[in-house]
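Just below is one structure, and these are the notes that go with it.
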Amino acid sequence: MSTTVVSKSPALITLTTDFGTADWFVGVMKGVIAKIAPHTRLIDLTHEVSPGNIQAGAFSLMSAYRFFPEGTIHLAVVDPGVGSQRKALVVQTTDYFFIAPDNGLLSWALRNEEIKATRVLENDYYFLQPVSNSFHGRDIFAPVAAHLSCGVALSEFGPSQDNFVRLEWPVPRATPRGVQGEIIYCDRFGNVITNLETASLQPLARYGIQVVVKGKRLCSLAQYYGAVPTGKPVAIFGSSGFLEIAVNGGNAAKRLGLRVGDRIELTGSP
Amino acid sequence: MSTTVVSKSPALITLTTDFGTADWFVGVMKGVIAKIAPHTRLIDLTHEVSPGNIQAGAFSLMSAYRFFPEGTIHLAVVDPGVGSQRKALVVQTTDYFFIAPDNGLLSWALRNEEIKATRVLENDYYFLQPVSNSFHGRDIFAPVAAHLSCGVALSEFGPSQDNFVRLEWPVPRATPRGVQGEIIYCDRFGNVITNLETASLQPLARYGIQVVVKGKRLCSLAQYYGAVPTGKPVAIFGSSGFLEIAVNGGNAAKRLGLRVGDRIELTGSP
Amino acid sequence: MSTTVVSKSPALITLTTDFGTADWFVGVMKGVIAKIAPHTRLIDLTHEVSPGNIQAGAFSLMSAYRFFPEGTIHLAVVDPGVGSQRKALVVQTTDYFFIAPDNGLLSWALRNEEIKATRVLENDYYFLQPVSNSFHGRDIFAPVAAHLSCGVALSEFGPSQDNFVRLEWPVPRATPRGVQGEIIYCDRFGNVITNLETASLQPLARYGIQVVVKGKRLCSLAQYYGAVPTGKPVAIFGSSGFLEIAVNGGNAAKRLGLRVGDRIELTGSP
């Protein structure tokens, strides 16, 4: 008879919100989870999604979710419609669970995932009571994630639903000289990330990629930031799988006046 | 004979400071705790209390502490008087422990709590040596919280004390037309939280609440932010149990020029 | 036969980066670690090192590393040369492990440490595949730290190396009237930290230390911030072991126009 205790991996919940960290909002969500599920691990993805910016939250989730262990519960709350009639969802894919308001926040992470089940969060047995009108992160999303991490079945949380609100993914389009995309995210360093997927650009890359913005050639493609002199713009295949534009040692968004939504054209050299 | 190991809930310490996260201060406090109490969980409430703002720290603690599991140790350091003669305390209530400088920081969280014991932190056996004059978070508060989380008795930390420094709680007052309160906190979204407790306003709410600021009617009460058009002000019963003023999709503090300390009058509908 | 399970201290990794917390970068590193090493604890030192500022990162690490338990793995990524030919290292000292790019980031933490082994991270068996050119934090540093925390031998990660890139430590120099140093770090409160080590100043302190900046006497030494009136400058022996200049209740860097690199002279009382 063995006394060896093989401890399994603890359950894991990630948190993505626009709550910031200046107030107690995120801490309280974690308290609610710890009370229900004291052994569940918590990892912050980010709480600095700009307030109400569903697209930025969706891109963050899409870029991050697949680096976590199987079974991870991704809890996301960017929820400008809190208290209104918008629904709250739990979605199960092959490897993960996602819990979020049904406002498009999950749609980009779920683009390439096989969806196993979608449930509407309606069973208030798993909510914190009383449920406030302005903080469902604390009262609905956190306790549901905690109960799910303890093994409560998905079907417990509410009725099945066939679909969910989807943000449109901006599809790049072919131009006479190459392909046109747009800036979809700007990170803390001022690097701007486009919707141009690295994989699809490999053929073009063989001929040397030029980046054209507002009709002017901006820079060409390099292997890494430092391949151009300090202060110079450069395009690289970014770590999220998309073409990025950076300034070596500087802030590309500020230096080049680039913003989310701006068009970017790629052409083969010259 | 069973070999099943039922692991208890791990001890839990929350951290609330004005240390920010740009430096190593909070990380070092966690290192000190991990060295003494490697199995104790840590949850950040916030480290972005504005420097030295005891009132903001007190409101954050008050809004958050009760959402944590029984036995949680709430460690709070907003400590402009560090190194001076101000005392350091551990307070035990029915469900929680609080560790903080004796400067008012705990007084609002403790307003509704039954206090079981208060001890002054004097036993330097539980301090990190040498104790600096400017970082008691690392040298006194963190190690005491860690030892407490390991089961050291409260009486070990120092002598009993009957009272502690209290911040005055601003009590709303009746006006000919309703009730007057004040703004007591401004959150990351620019929502301003008043000292007007939701529970006490329910009777008034039946007649329709109007919010009056500087003699002018500002907005009325609604169920949730989105009940008014984008850009419009609205009052709601907030998630912390107080009336809040928000701008749907905007920053009420900036848009309406509201600040902590500003007077707010509520009246029944005209 | 006993069923008592004495659980050892969990492995611990600290994280120090300039990635900020607005994006998913740090969260993803933690996901990568959790996938490989689900029981390893993670503590953030700071992620707000200013972008690319190796000196600030080095000072943060130096100030913090020794407060952590023996065996802690300190993972640091301030890496403006990511993707270039700069090497990546794991360094073992008597009590700790350090993992970082070989760009000087570790040099101040290692000043007083006995180095047991230094290995270049070259064995891509322990990397995340494919390795990106711009996010080695995710693809190299995080998985190596995770594997190390699970007990993989240092020698597994790559070949031994004798030395590493060192930042010069600015050594104070004697002046006719005392000693001259410089400002080496500015913290979130606006307190500026000098390179003047407290221990070496104790003899001078007996005669009363005066702080002279740009030829003018600025303030004298006190025991704690509050020893001078609100708004007045004061020098104290800081918690990191260096002389600091503060303004009681204010921001010394802003109020006094002090910056990293500024010269500070200390003299005995007039």
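The values are calculated or read from the model by the stated rules, or taken from the named source; none is laboratory data. Since the structure is predicted, the reported quantities are computational estimates derived from the model, not experimental observations. For neighbour counting, all protein chains shown are included, and Cβ atoms are generated from backbone atoms with ideal geometry for every residue, glycine included. Note: accessible area is taken over every heavy atom of the protein model, side chains too, but ligands, DNA and RNA are not part of it. Shrake-Rupley method; radii C 1.70, N 1.55, O 1.52, S 1.80 Å.
From the list C:Ala76, C:Ala64, C:Ala56, pick out the single residue that is in a helix (DSSP H, G or I) and open to solvent by less than 10 Å² (accessible area, probe 1.4 Å).
After applying the criteria, what remains is C:Ala64.
Of the numbered conditions (1) more than 12 Å from chain A (Cβ to nearest Cβ); (2) out of contact with any Ser or Thr (no Cβ under 8 Å at 6 or more places or on another chain), C:Ala58 satisfies every one except a single condition; which is it?
Evaluating C:Ala58 over (1) more than 12 Å from chain A (Cβ to nearest Cβ); (2) out of contact with any Ser or Thr (no Cβ under 8 Å at 6 or more places or on another chain) leaves (2) as the failure.
Take the conditions more than 9 Å from chain A (Cβ to nearest Cβ), open to solvent by less than 10 Å² (accessible area, probe 1.4 Å), touching a residue at least 60 places away in the same chain (Cβ under 8 Å) and in contact with a Cys (Cβ under 8 Å, 6 or more places away or on another chain) and apply them to C:Ala11. Does it pass?
For C:Ala11, the condition - more than 9 Å from chain A (Cβ to nearest Cβ), open to solvent by less than 10 Å² (accessible area, probe 1.4 Å), touching a residue at least 60 places away in the same chain (Cβ under 8 Å) and in contact with a Cys (Cβ under 8 Å, 6 or more places away or on another chain) - is not met.
Being more than 24 Å from the chain's Cα centre (by Cα) and among the hydroxyl-bearing types (Ser, Thr, Tyr) narrows it down to one residue among B:Tyr207, B:Tyr185; which is it?
The conditions single out B:Tyr207.
Yes or no, residue by residue, for (1) in contact (Cβ under 8 Å) with a residue 60 or more places away in the chain; (2) charged (D, E, K, R):
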site	(1), (2)
A:Leu167	yes, no
A:Pro170	no, no
A:Thr175	yes, no
A:Arg188	no, yes
A:Ala199	no, no
A:Lys214	no, yes
A:Ala227	no, no
A:Val234	no, no
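Name the one entry in A:Thr16, A:Thr40 that is open to solvent by less than 10 Å² (accessible area, probe 1.4 Å), more than 7 Å from every other protein chain (Cβ to nearest Cβ) and more than 15 Å from the chain's Cα centre (by Cα).
Checking each option against the conditions leaves just A:Thr40.
Just the residues that are open to solvent by 40 Å² or more (accessible area, probe 1.4 Å) and within 25 Å of A:Asp23 (Cα to Cα), please, taken from the range B:172-208.
B:Pro172, B:Glu182, B:Cys186, B:Arg188, B:Phe189, B:Glu197, B:Ala199, B:Ser200
How many residues does the range A:81-99 hold that are over 14 Å from A:Gly158 (Cα atoms) and outside any loop (DSSP other than H, G, I, E, B)?
Looking only at that region, the number is 3.
Pick from C:Gly238, C:Gly215, C:Gly250, C:Gly226: which is at pLDDT below 90 and within 14 Å of chain B (Cβ to nearest Cβ)?
That would be C:Gly226, the only listed residue that is at pLDDT below 90 and within 14 Å of chain B (Cβ to nearest Cβ).
Looking at B:Gly71, is it open to solvent by less than 50 Å² (accessible area, probe 1.4 Å), at pLDDT below 95, within 14 Å of another protein chain (Cβ to nearest Cβ) and on the phi > 0 side of the Ramachandran plot?
No.
Say we look at the range C:100-129 and pick out the residues that are hydrophobic (A, V, I, L, M, F, W, C) and in a strand (DSSP E or B); which of these is farthest from C:Ala34 (Cα to Cα)?
So, considering only residues that are hydrophobic (A, V, I, L, M, F, W, C) and in a strand (DSSP E or B), the one farthest from C:Ala34 (Cα to Cα) is C:Ile115.
Restricting to the range A:41-61, and then to whatever is without any contact (Cβ under 8 Å) to a residue 60 or more places away in the chain and hydrophobic (A, V, I, L, M, F, W, C), can you tell me which residue is nearest to C:Trp24 (Cα to Cα)?
A:Leu45
Among the listed residues B:Gln161, B:Gln129, B:Gln180, which satisfies the condition of being at pLDDT 90 or above, touching a strand residue (DSSP E or B) at 6+ places or on another chain (Cβ under 6 Å) and closer than 30 Å to B:Val26 by Cβ?
One residue alone meets the criteria, B:Gln161.
Any chance the range C:25-35 includes a residue that's surrounded by fewer than 21 Cβ atoms within 10 Å (Cβ to Cβ), modelled with pLDDT of 95 or more and within 14 Å of chain A (Cβ to nearest Cβ)?
yes
Run down C:Val144, C:Val152, C:Val228 and say which single residue is open to solvent by less than 50 Å² (accessible area, probe 1.4 Å) and either among the acidic types (Asp, Glu) or in contact with a helix residue (DSSP H, G or I) (Cβ under 6 Å, 6 or more places away or on another chain) (or both).
C:Val144
Take A:Pro101 and tell me if it is of a type outside the set (Asp, Glu) and surrounded by fewer than 23 Cβ atoms within 10 Å (Cβ to Cβ).
It is false that A:Pro101 is of a type outside the set (Asp, Glu) and surrounded by fewer than 23 Cβ atoms within 10 Å (Cβ to Cβ).
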